[in-house]
Amino acid sequence: MLKTFINKELLEIRRDKKLLLSSILLPFILLPLIGVILYASVSAQPPVIAVINNNSANTPYVNIVTSYIKHNGGIVITNSTQDADVVIVFPNEFYQNISNISRQAFIYFYVLISSNQNALNIANNALYTLLLNISNQRIEYLKNLAHVNVTPSSIRNPIYVVLGYRSITGKVVSSGVSQLASFARIIALVLFPSATPVVFYLLEGITGERERKTLESLLATPLSIRSFIISKLFVAIILGIFSSLGDIVGTFFFISLSSYAFNISVSLTFSFLIIIVLVYLISILLTGALSLIFLFILGGSTRNIQIINFIIISFGMIASFVSLFINPSQLTFPLTAIYGIPYVQLSLGLLLYVFGSIQDSIFSLLATLVVSVFLILLVSRYFNSERLLLK
């Protein structure tokens, strides 16, 4: 009987092609679209920097700045400040001050509010390049004056910083792993929309039978309440898996486009891809468990379904913010209590894997899987015909 009812539910899904296509195509399109927007924001809005020179004697120094800007992809305008993200002004007295070793010269630096961040970075680096060039000249002058054998870099930079990265386990990792951790936070952020079709189809599938006046006839058959709920959950999970396929493929496109747009090298290992797939699948199962629990507690009226949907989405939003702003390796009691919030353990489990704490990550995912299965079995056991008919 269970197999027959599941086949009936699958047939209804195949007939509703709009629902099936939207569940697959929307997430597949949405995430790559975000990546395209990021790429377009970088390529279509190149950094524009205005360099104003108020004295022709400043030209050698102005050339150093403009050459750096152009070499790093910026656009330099010299006769106008219109449409410029950053404006650099060399005042009339700049050359007089900079050519005297006992003086400091100043430059005006104006930043357009909400300007292109890349333009600000390039402009700052261009001025830093100018600073290095001038300081080298002054150190070279003093070295010749004092007749000492030193290099300008040893005087200007007595400390050389070697940048490296370590995981929370203390293992030395590459910069690519650091970038991957940033992308993992984004993946965790967009993880939970894949759960929406599960909530909709499961709740509508159960309560819709009552609204269509077919629930009584179904309950009159040898089909048990547990089989009825499990079959609805099974089909909802299949729908969620189809939706997740679009999410997963879209996520890979998003990472590829984003890394290309920002010139970031991200290495996606096979094990990391497996973890992403597992997180998506477990999130679908957890969504089904939560939907059944709240349906059991609140009932299946139209208003209550909206409340249940809001509660589950709120849990997903909390987990998304946690994935963005919280480092799981730094959580201590009582902050570790946030693991009790649904979906949080999934997002933190994904981050823990990237951060190098693989055992904690696997434990977090397995614990969520076990709890989800337990809750589904528990709720399906205590659901009865009267509760389905009256609530």
Suppose each label sits 7 Å from its Cα in the direction of the beta carbon; what would the K143-D83 distance come out to in nanometres? 4.4
Three principal axis lengths of region 304-349 [C-alpha, angstrom, descending]: 37, 19, 14
Classified through the alpha carbon gyration tensor (a ≥ b ≥ c as square roots of its eigenvalues; rounded if a/c is under 1.5, else prolate when a/b is larger than b/c, else oblate), region 83-169 comes out oblate
Please report the net charge: other residues with Cβ closer than 13 Å to the Cβ of V177, K and R +1, D and E -1. +2
By the gyration tensor of its Cα atoms, with a ≥ b ≥ c the square roots of the eigenvalues, what is the shape of region 35-188: rounded for a/c under 1.5, prolate for a/b over b/c, or oblate? oblate
Give, in nm to one decimal, the length gained when the segment between R381 and S178 is fully stretched (0.36 nm per residue of separation minus the Cα-Cα distance). 68.5 nm
Listed peptides 54-60, 201-207 by packing density, highest first (mean Cβ within 10 Å): 201-207, 54-60
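Determine, from the Cβ-Cβ distance of I107 and N327 and an R0 of 35 Å, the FRET efficiency 1/(1 + (r/R0)^6), rounded to the nearest 0.05.
Rounded to the nearest 0.05, the efficiency is 0.35.
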Along the Cα→Cβ direction, 7 angstrom out, place labels at Y160 and S114. What is the inter-label distance in nm? 4.5
With labels modelled as points extended 7 Å from the Cα through the Cβ direction, what inter-label distance (nm, one decimal) is found for L131 paired with A57? 2.4
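Coordinate-derived values only; no laboratory data. Small disclaimer: the values here were computed from a predicted structure and weren't measured. Cβ: placed from backbone, ideal geometry, glycine included. Neighbour counts: every protein chain shown.
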